[in-house]
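Peer 1: Let me begin by handing over the structure; questions about it come next.
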C-alpha cells in the first residue's frame, strides 16, 4: 500500500481503527458470554465452523493454558502491556503516513488491547471462533486474535514487498 502522507498526522485515524477493533471485540465477547453457556457450541457450517464459548487462560491459541504457575496471568498481562507500549510507540513514530505498516500496527493495537482487557478484568480471554477441517481442529480464537494476525500479516507483507521493491530499484540502476 503506497503511503498517504499528512503534515498534520493521521494519529486519530489509527487510534480510531484500534478503538473500532476493541469495540467489535468487546461486543462479540459480550454477546457470546451472554448467549452461549461455557463450552456450548452452535454449528454455523457443520464440520467446518462453530461458535463455541471457551475461556483461554493461556496465551494465543491456548499456549500455556495448562500451566499452573501462579504468576502466569501476571506475566501475560506484563507482556501485553510491553507489547502495547512498543506498538503504540511505533504507531506514533509512523503516524505521518497512511500505509500498510500503520494499518497493521493499528489492528495489532486494538486486538492486543481487547485481549488485555479480558485478562485484567477476568483472568482469561473469551474465545469463540472455532474451525475444523477434516481431522484437524484449530484452537478457538476471537476478534482480537484475528485483528492481531491480520495486522502481523500486513507488517510481514510490507517487509517482503518493500524488500522486493528495493531490489527491483537497485537492479534497474
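Peer 1: For the list (1) touching a helix residue (DSSP H, G or I) at 6+ places or on another chain (Cβ under 8 Å); (2) surrounded by fewer than 19 Cβ atoms within 10 Å (Cβ to Cβ); (3) farther than 20 Å from residue 151 by Cα; (4) modelled with pLDDT under 90, I need the number of the one condition that residue 66 fails.
Peer 2: Here residue 66 clears every test but (1).
Peer 1: Residue under question is residue 150, and the condition is that it be more than 20 Å from residue 32 (Cα to Cα), at pLDDT 95 or above and in a helix (DSSP H, G or I); does it hold? Reasoning before the result, please.
Peer 2: Working: more than 20 Å from residue 32 (Cα to Cα): yes; at pLDDT 95 or above: yes; in a helix (DSSP H, G or I): yes.
Criteria met by residue 150.
Peer 1: Would you please name the residue that is nearest to residue 108 (Cα to Cα), looking only at residues in region 1-48 that are modelled with pLDDT under 95 and touching a strand residue (DSSP E or B) at 6+ places or on another chain (Cβ under 6 Å)?
Peer 2: 10
Peer 1: Starting from region 115-128, take each residue that is touching a residue at least 40 places away in the same chain (Cβ under 8 Å) and at positive phi and list its partners that are in a helix (DSSP H, G or I) and surrounded by 14 or more Cβ atoms within 10 Å (Cβ to Cβ), counting only C-beta distances under 8 angstrom and pairs at least six apart or across chains.
Peer 2: 123/73
Peer 1: Would you confirm, using the coordinates I've provided, whether residue 51 is modelled with pLDDT of 95 or more, buried (at least 16 other Cβ atoms within 10 Å of the Cβ) and not in a loop (DSSP other than H, G, I, E, B)?
Peer 2: Details: modelled with pLDDT of 95 or more: yes; buried (at least 16 other Cβ atoms within 10 Å of the Cβ): yes; not in a loop (DSSP other than H, G, I, E, B): yes.
Taking the combined requirement at face value, the residue satisfies it.
The values are calculated or read from the model by the stated rules, or taken from the named source; none is laboratory data. Worth saying up front: this structure is predicted, and the values here are computed from it rather than measured. All Cβ positions, glycine included, derive from the backbone under ideal geometry; neighbour counts span all protein chains shown.
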